[in-house]
1. Under the rule of -39500 (n - 2.57) per DSSP H run of 4 or more residues, summed and divided by the residues of the chain, what mean residue ellipticity at 222 nm is obtained, to the nearest 500 deg cm²/dmol?
2. Using Cβ counts within 10 Å as a stand-in for footprinting exposure, how do THR91, THR32 rank, fewest first?
3. Measure nothing fancy, just the Cα-based angle from helix 17-41's long axis to the longest principal axis of the chain, in degrees from 0 to 90, nearest 10.
4. Starting with the fewest neighbours, write out TYR109, TYR129, TYR51, TYR69 ranked by other beta-carbon atoms found within 10 Å of each beta-carbon.
5. Given Cα pairs under 8 Å that are at least 6 residues apart, what percent is the relative contact order of segment 44-132?
6. Just subtract the alpha-carbon distance of GLU80 and PHE22 from 0.36 nm times their residue separation and send over the number in nm, one decimal.
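What follows draws every value from the coordinates through simple rules; no lab data is involved. Keep in mind that this is a model prediction, so the values were computed, not measured. When we count neighbours, we look across all protein chains shown, and the Cβ atoms used for this are built from the backbone with ideal geometry, even at glycine.
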Amino acid sequence: MKLTKPKNIGKKGTILMENLIFIILNLVFLSTLVLFLFLKMGSAAVLEERYAKQIALVIDSAKPGMTIYLNMENAISKAEKENWPVGEIVTIENNVVTVKLREKGGYSYSFFNGVKATPKLTENKKEFYFFIE
């Protein structure tokens, strides 16, 4: 029986160029993804969606004669930064809640309750209240 020496013994460990390029491209992709997520977390689009769904869910559970107050200070300050009229942030038509914080944008969400809801801005301009008929 003849013993042979393995071919790789004595060679120094090297990182292949393909592996290095793969690692660098993955780091660039992941850092871009994380940056995108951080930029979108506080954006107007996320606030529009959050408030539209929240208002629709609250109206779905409401009964006639109720008045619901919702603190929308974040949305109001975002709309003011975007030069959007504060009185036009929330609209409710045909069982659809639309929250719009900027000129190009807006998010609509429907509710199933058969009540009529009227959005109004409070005097301190920090919250909306919804009168349910």
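1. Details: 3 runs with 51 residues, N = 133.
So the calculated ellipticity at 222 nm is -13000 deg cm²/dmol.
2. Working: THR91 14, THR32 10.
Going from least to most buried by this count: THR32, THR91.
3. The angle comes out near 10 degrees.
4. Details: TYR109 17, TYR129 13, TYR51 22, TYR69 10.
Result, fewest neighbours first: TYR69, TYR129, TYR109, TYR51.
5. Details: 158 pairs, mean separation 33.7, N = 89.
Reported as a whole number, the value is 38 percent.
6. Numbers: separation 58, 0.36 × 58 = 20.88 nm, distance 4.46 nm.
Stretched out fully, the GLU80 to PHE22 stretch lengthens by 16.4 nm.
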